[in-house]
1. With the full set of protein chains in place, find how many percent of the accessible area of the range B:296-371 is carbon and sulfur; take the probe as 1.4 Å.
2. With runs of 4+ DSSP H residues as the only contributors, calculate the mean residue ellipticity of the protein assembly as shown at 222 nm using -39,500 (n - 2.57) per run, divided by the residue total and rounded to the nearest 500.
3. Percent of alpha carbon pairs in the range B:295-350 separated by more than 13 Å?
4. What value in Å³ per residue do you get for the convex hull of the alpha-carbon atoms in the range B:197-265?
5. Antiparallel DSSP bridges in chain B: what percent, to the nearest 5?
6. For the range A:128-198, what are Rg and Dmax over the alpha carbons, in angstrom?
7. Let me check I have the definition right: for the range B:1-110, take the eigenvalues of the Cα gyration tensor, multiply each by 5, take square roots. What are those semi-axes in whole Å, largest first?
8. List the equivalent ellipsoid semi-axes of chain A in whole Å, largest first, each obtained as the square root of 5λ for an eigenvalue λ of the Cα gyration tensor.
Protein chains: 2
Amino acid sequence: MDFFRVKTTEEMTDIIDQHVESIALTGTVPTDKASGRVLAMDVTATEDVPGFSRSTVDGYAVQAQDTHGASETMPAFLHYAGAVEMGKTPNQALTADQAVYVPTGAMLPEGADAVVMIEDIEKNDDLVQVLKPVRHHENVIVRGEDTEKGALVLEKGTVLRPQESGALAALGISRIEAVKRPVIGYLSSGDEIVPYSRETLSEGEIRDVNGVTIPALIQEWGCEVRIAPIAKDDRADFQEKAEALFEDCDMVVMSGGSSVGVKDYTTDVITSLGDKEPGLLVHGVSVKPGKPTILSVSSKKPILGLPGHPASAMVIFHMFGKQIIDRLMGKKRVDRHTTVARVSQNIPSSPGRTDYIRVTLHTGTPYPDAEPVLGKSGLISTLIKSDGLLEIPERKEGVLKGDLVKVHYFI
Amino acid sequence: MDFFRVKTTEEMTDIIDQHVESIALTGTVPTDKASGRVLAMDVTATEDVPGFSRSTVDGYAVQAQDTHGASETMPAFLHYAGAVEMGKTPNQALTADQAVYVPTGAMLPEGADAVVMIEDIEKNDDLVQVLKPVRHHENVIVRGEDTEKGALVLEKGTVLRPQESGALAALGISRIEAVKRPVIGYLSSGDEIVPYSRETLSEGEIRDVNGVTIPALIQEWGCEVRIAPIAKDDRADFQEKAEALFEDCDMVVMSGGSSVGVKDYTTDVITSLGDKEPGLLVHGVSVKPGKPTILSVSSKKPILGLPGHPASAMVIFHMFGKQIIDRLMGKKRVDRHTTVARVSQNIPSSPGRTDYIRVTLHTGTPYPDAEPVLGKSGLISTLIKSDGLLEIPERKEGVLKGDLVKVHYFI
């Protein structure tokens with residue numbers, strides 16, 4: 001099966017981009033509950049924001065040209081022509097040589113084009129002395145300066161952060177069409193795996209750590225999760241549980257089943273699901289840890305087989321599961337926080353393989369220092385000590401102490 | 001009031017650390033729902049993890065010394081002594097010159113101290129030929145290697161990420177004591193401010209953008225939010241709404257009320273709440289944008305007054321609100337993702353003031369490029385284009401094109 005030679009991480013990434021599509025279902029979501037959701041529509045401004053020219057300071061609305069050349073020794077003299085109230089329309093237009101008091105945020109009177117800050121004014125009865133000149137539009141946000149009516153404000157596929165929700169609120173858009181939250185199914189398997197809540201273990205048993213960490217990541221990334229009961233190392237049991245999840249979910253994630261006999265039927269079960277188009281795409285990635293990763297797409301649903309070791313499973317799920325989920329959610333790009341760091345010691349690596357090294361980040365200027373966390377890939381304790389994953393690209397034979405490297409943050 | 005000279009960002013940070021304490025209430029949370037919560041207890045391992053020595057590969061358990069010197073041309077010859085089943089205790093101990101098949105994750109027989117990978121074995125009936133030597137403990141995770149019984153696994157104040165929840169699961173800890181989610185009250189004020197869902201505005205009105213963005217951040221950071229109805233520019237109305245929130249919440253955040261008359265009573269109202277110990281701490285921070293920031297702590301509850309401009313309010317809430325909330329949650333350190341970036345153009349700044357410049361990050365090697373987003377601080381559109389905030393420390397007169405700078409990611 002030459003097709004199933006191990007893939008590079010770049011090939012894996014390309015395969016995900018090519019074969020994983022956004023789920024088609026969308027729903028209406030209130031703007032104030034939309035943070036983290038992905039827009040399923042373009043948003044165009046139906047009005048100018050702000051809808052009127054506003055002062056950004058407490059001061060006096062003027063015509064800027066009346067203040068040119070003004071100074072403390074040679075003030076410009078203007079006539080006081082009243083005050084604007086917050087949230088109200090000014091009573092009259094401003095003409096040359098007039099000044100009208102405006103508080104921060106209030107509407108500028110017609111005819112005014114700038115505001116002199118109150119600390120640059122001296123006022124005696126109806127005489128307003130301007131001690132400092134202002135430019136056209138100084139201390140003013142003009143109508144439509146934030147968003148002009150008719151402009152494309154947010155594109156389909158935009159992830160709504162608090163500020164995007166704020167921009168929708170500014171336009172009075174109180175409901176939006178968002179991509180439905182994907183439902184991700186999770187299945188652990190293995191005769192030795194028992195529910196994590198089991199207090200006393202028999203010899204040879206271990207608790208289901210992946211059944212906690214992977215669902216936690218799924219939820220952290222904005223999806224719903226369905227967790228199946230742990231499958232035994234038995235093809236019929238595994239098939240039944242995998243099929244039920246596949247039926248109910250937009251994606252299925254599995255872990256475990258890495259011993260030889262089990263490996264064989266795991267792939268068989270994965271490839272038996274759905275319409276088998278395009279079917280099995282990846283069977284092994286040249287990455288450490290996490291080489292025995294499987295990816296299939298069938299009936300538009302990705303099926304991701306993770307390694308059984310908890311730390312390997314988390315690394316793979318961070319690096320590729322996130323990308324798959326972001327695609328399912330219809331995000332325009334993968335959302336990932338990284339930093340540049342300086343590595344604290346030499347780390348060897350094999351060329352032809354991407355290494356993800358767990359690191360602790362220590363504050364430094366200008367770069368943080370990235371110190372590798374030592375320990376075998378199966379150890380969950382190594383992940384507790386880690387702030388992120390240092391990436392050694394496959395073309396490199398390792399990194400040297402002092403090299404600048406890219407670190408992917410954990411959440 | 002010399003005490004209320006404008007504070008530097010460093011002073012602001014120190015004041016928060018000194019005066020904001022973790023809320024005392026804790027609650028019991030299931031481990032699989034604990035992601036994002038803060039531990040209110042130290043967690044000590046009550047057993048070894050793993051509870052038995054396990055193989056990390058499919059292969060043959062051996063005594064490592066029996067394989068020394070083995071090679072493809074000079075294999076070590078061992079006697080096949082059966083196979084271990086997943087999740088079961090091996091039937092018998094392994095003695096010198098024996099090899100027992102173990103799948104990945106299975107328990108090592110007593111007497112074995114290493115595993116030879118299956119690809120380094122040739123087996124004929126009961127003869128096992130080892131083609132490659134293994135070291136003591138190679139391909140094995142020994143009992144207690146992840147966590148030893150009695151060890152401090154997680155300290156009080158640790159934020160539970162998925163991996164920390166996984167470590168708890170590995171120990172069979174299904175419920176933990178966590179700091180209660182803080183309840184944060186939010187209040188917008190201003191005669192010109194109307195609910196964001198108002199479809200048609202009268203002249204001079206604007207929609208409540210901060211009432212969407214700030215509560216979204218509060219929830220993003222793991223707190224509950226209570227939103228009060230918008231207060232008018234009227235002292236009695238403002239006092240009543242602030243008092244009600246203060247009563248119900250662990251912290252109160254306000255925005256607006258920045259015009260001169262209103263400013264006066266905003267501070268009066270803030271300082272009237274609770275036991276007034278220590279009371280008003282900050283009245284102005286030397287930061288751009290966001291100078292008119294107010295911080296008070298009373299009855300152990302922080303009260304934060306944000307500037308009214310939506311973008312300024314978000315910047316201040318990101319930089320200081322997050323720190324206050326992290327302290328309330330009992331986090332050992334402020335959780336913040338930053339990166340080093342190379343600035344794409346000169347940006348001037350005034351010494352004695354910290355500038356937070358909105359930037360777009362562009363992929364680059366080894367550093368991303370940080371390009372400033374231009375526009376007045378009141379414009380929410382500037383935040384939509386931004387990936388984060390570039391910090392120009394107060395001792396600097398700006399940054400030059402090509403300088404390495406620190407960028408704080410938005411979520």
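The values are calculated or read from the model by the stated rules, or taken from the named source; none is laboratory data. Every value quoted in this text rests on a predicted model; they were computed, and no experiment measured them. Glycine gets a Cβ as well: all are built from the backbone with ideal geometry, and neighbour counts include every protein chain shown. Ligands, DNA and RNA are stripped out before the accessible areas are found, and what is left, the full protein with its side chains, is counted by its heavy atoms. Shrake-Rupley method; radii C 1.70, N 1.55, O 1.52, S 1.80 Å.
1. Details: 1220 of 2510 Å².
In the range B:296-371, the share of accessible area belonging to carbon and sulfur is 49 percent.
2. Working: 16 runs with 154 residues, N = 822.
So the calculated ellipticity at 222 nm is -5500 deg cm²/dmol.
3. On the way: 1100 of 1540 pairs.
Across the range B:295-350, Cα pairs with separations above 13 Å total 71 percent.
4. Working: hull volume 7.2 nm³, N = 69.
Value for the range B:197-265: 105 Å³ per residue.
5. Values: 58 of 83 bridges.
Taking every DSSP beta bridge with both residues in chain B, the antiparallel ones total about 70 percent.
6. Spelled out, the Cα radius of gyration and Dmax of the range A:128-198 are 25.4, 86 Å.
7. Values: eigenvalues 696, 84, 23 Å².
Three semi-axes, in Å: 59, 20, 11.
8. Numbers: eigenvalues 715, 136, 63 Å².
Value: 60, 26, 18 Å, ordered largest first.
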